[in-house]
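Working notes, structure below.
Please treat every number below as a calculation from the coordinates, not as lab data. Quick caveat, the model's predicted, so the values are computed rather than measured. Neighbour counts run over all protein chains shown; Cβ positions are idealised from the backbone, glycine included.
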């Protein structure tokens, strides 16, 4: 048996013991997607995880994806296999940056000036709330 086959067997054994599901984002490598129960985009995967009877969600993706799954499945443990996995695009905006924009472009009570804030789901939960 090859090293990859042994690793796959260990993962599947742990998955069964921990009553876990494995989710892999579309951007993951083929071998990661092959072992996953579901592949897709981040929000779709988080919704799928919320609808499945499991105790643990293994999210093969980046931080905000695991956080989204945690928000939609508060009673489940969410694991991110690569803790350093991040998204440069999601890292471009911060809570303080959002606040600064709102302060720089304050809304007018007369309704003549508006700042429309669009928070992408592909960001940690702090930014879309502001």
Practice task
Starting from the Cα gyration tensor of the stretch 3-79, multiply each eigenvalue by 5, take the square root, and state the resulting semi-axes largest first in whole Å.
Solution key: 20, 15, 9
Handout entry: Sites residue 77 and residue 103, calculated FRET efficiency, Cβ-Cβ separation with R0 35 Å, nearest 0.05
Key = 0.35
Handout entry: Estimated FRET transfer efficiency when R0 is 35 angstrom, pair residue 11-residue 95 (beta carbons, to 0.05)
Key = 0.45
Problem - Where only alpha carbons of the stretch 34-92 are counted, the Rg and the Dmax (Å) - result: 11.0, 35
